[in-house]
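Read through the structure below, which is laid out as structure tokens, and then see the notes.
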Amino acid sequence: MPAAPADTTTGAAAAEPRRSSAAQPVTAGMPDVIGGNAGRAQEQMGSGIDMVFEDASGRGRPVDDPAAWKICTSRPGPYQQLTDDPVVFGVVGVSESCQDTVPR
């Protein structure tokens with residue numbers, strides 16, 4: 001029986017993909033959080049994403065506690081690519097309707 005060549009790779013090391021020195025950054029997509037709780041969306045997206053919450057009712061109320069608000073709109077929209085710009089959520093109080101929002 002012939003011996004295997006000395007440079008033959010076996011095991012898990014053979015399955016490792018080669019990494020390019022010019023690797024491209026991973027692009028992230030905006031999840032569909034419309035209708036969801038703003039506080040949960042903030043947790044889901046993490047602290048690495050710059051987020052702004054705006055009162056979509058047109059009353060200019062401050063959004064101090066995102067958990068008390070629900071999401072009506074997002075920029076970028078669902079499934080669009082995230083950029084360096086902040087993600088902007090149009091929100092209303094959890095007991096309010098998104099149908100009462102002011103278009104932007």
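Read-outs: derived from the displayed coordinates by stated rules, not from any lab. All figures in this text were calculated on a predicted structure; none of them were measured in a lab. Cβ placement follows ideal geometry from the backbone for every residue including glycine, while neighbour counts extend to all protein chains displayed.
Key figures for this structure:
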item: Stretch gain in nm, segment residue 83-residue 68, where the contour uses 0.36 nm per residue and the Cα spacing is subtracted; result: 2.7 nm
item: Span per principal axis, largest first, for the Cα atoms of the range 32-96 (Å); result: 29, 20, 18
item: Label-reachable residues, the range 50-73, where backbone N falls under 11 Å from a point 7 Å from residue 28's Cα toward its Cβ; result: 50-51
item: Gained length - residue 61 relative to residue 95, 0.36 nm times residue gap less alpha-carbon distance; result: 10.8 nm
item: 83, 101 arranged by Cβ crowding within 10 Å, fewest neighbours leading; result: 83, 101
item: Difference of contour (0.36 nm per residue) and Cα-Cα distance, residue 75 to residue 51; result: 7.6 nm
item: Placed amide H near residue 72: partners under 5 Å, 5+ positions off or other chain; result: 35, 90, 91, 92
item: Karplus (6.51, -1.76, 1.60) ³J(HN,Hα), θ = phi - 60°, over the range 83-95, in Hz, Gly and Pro reported as x; result: 10, 6, 5, x, 7, 10, 9, x, 10, 10, x, 4, 8
